[in-house]
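FYI, it's all coordinate maths here, none of it is from the lab. Since the model is a prediction, treat every value here as computed from it, not as a measurement. Note: ideal-geometry Cβ built from the backbone for every residue, glycine included; neighbour counts use all protein chains shown.
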Amino acid sequence: MANQEPGMKFNVAIWVGLLVIVAIETVIALQHPPARTLLVSLLCLAFLEAAIGVLYFMHLKYESAKLFWSLIPILLFVLFMMDHVWADAYRMARMSLLK
Amino acid sequence: MSEATVGEGHAALIESSPYGIQSKKLAMWLFIVSDACTFAALLVGYGFLRIGSLNWTKPFDFSPSIINALVMTVILLTSSLTMLAAVGAAKAGNRPRVFRWLGFTMLLGAIFAAMHLREWFKLFSEGWGLQANPMGGDPQFGATFFGVTGLHLLHVVSGVVALAVIALGYSSKRLDANHVETAGLYWHFVDIVWMFVFPLLYLMNMR
């Protein structure tokens, strides 16, 4: 993964790309889709922005592959483990309905 | 060839980094991963309370709230670009340009923080608080919104202070390009966190 870092023109292109993704997020939100659809689409776009930011702005793409594999999988694992609380959130909502 | 992070006399005692980077850069990456978990936990907590609530308030109109947040997003993204320019100038050894680009980055960070505080005080004046909801819905909106954005704002402000220290240190030749790059990692992380905060806390709560 370690290779030569790009110049400023490439960074500006990445910056424009990120602005475009923000604009897409806003346009999607303005359509007022169902909450679940809005959440999934916004999260996907946010993770795409984060990946672009980490790889290019933070230059992880140009660092040793060992660094990438030491940091990112464990972070994703922690995020995955945090995602086991949602069943309890829905249970809380159902309990509120029953009151 | 390994890079020693201590002076020449101690070089023989330093093992080469397994990642080919200086210790301070590795330490910053490890801090960033842990801080990402912290923000993720806060956002999951926000999501948990929101899903569990039958009466969640969506207080933000497109104008002026979402437009304000959009401008803040553009400012923060632009500050990442100026930070990249500073890192590039540092690697080229151009000290005046580094100082200038770091100055622009700090200025944009300060503007972001000022806009954020202005938004906070507007919400306070409307009756919003950590446990106060003037629109009559669940009070957890305030706690989650101010909690998440407050932690992010703290990161932005401390980042601006850190960049000032780096700028002064680099200009006086006490610090080198690696310090600028390491500070840049932190600043980009703060921007990336906002890429989650903006859609989840602003766009998801748009009326």
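Numerical summary
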| item | result |
| --- | --- |
| Shielding score for A:29-38, defined as the mean number of other chain Cβ atoms within 10 Å | 2 |
| Local net charge near B:Ala85, Cβ-Cβ under 12 Å (Lys/Arg +1, Asp/Glu -1) | +4 |
| Peptide B:63-72 - average C-beta neighbours from other chains (10 Å radius) | 1 |
| Dipole axis of region B:92-189 (+1 Lys, Arg; -1 Asp, Glu on Cβ), positive-most option in B:Val160, B:Ala113, B:Phe145 | B:Val160 |
| Which of B:Trp120, B:Trp194 has the fewest Cβ neighbours within 10 Å, and the rest in rising order | B:Trp120, B:Trp194 |
| Net charge dipole size for chain B [Lys, Arg +1 and Asp, Glu -1 on Cβ; Debye, nearest 20] | 420 |
| Per-residue [θ]222 nm for the protein assembly as shown (sum of -39500 (n - 2.57) over DSSP H runs n ≥ 4, rounded to 500) | -24500 deg cm²/dmol |
| Cβ-defined net charge surrounding B:Phe145, 14 Å radius [Lys, Arg +1; Asp, Glu -1] | 0 |
| Sorted by Cβ neighbour density within 10 Å, fewest at the top, the residues B:Ser23, A:Ser64 | B:Ser23, A:Ser64 |
| Amide H within-cut-off set for B:Phe60, under 5 Å, with H built and near neighbours excluded | B:Arg207 |
| Chain lengthening between B:Ser158 and B:Leu107 when straightened (0.36 nm per residue, less Cα-Cα) | 17.0 nm |
| Positive dipole terminus of the protein assembly as shown, leading residue within B:Ser125, B:Leu84, A:Pro73 (C-beta point charges) | B:Ser125 |
| For the protein assembly as shown, size of Cβ-based charge dipole, Lys and Arg +1, Asp and Glu -1, in debye | 320 |
| Under 20 Å from the A:Asp88 label point (7 Å along Cα→beta-carbon), backbone N, region B:14-38 | B:37-38 |
| Peptide-level mean, for B:40-46, of C-beta atoms on other protein chains within 10 Å | 3 |
| For B:Leu30, A:Leu19, B:Leu175, order by how many other beta-carbon atoms lie within 10 Å, fewest first | B:Leu30, A:Leu19, B:Leu175 |
| Where labels lie 7 Å past Cα in the beta-carbon direction, separation of B:Met135 and A:Thr37 in nm | 2.1 |
| Under-21-angstrom lysine pairs by C-alpha in region B:22-205, whenever the two are 8 or more apart or on separate chains | 6 |
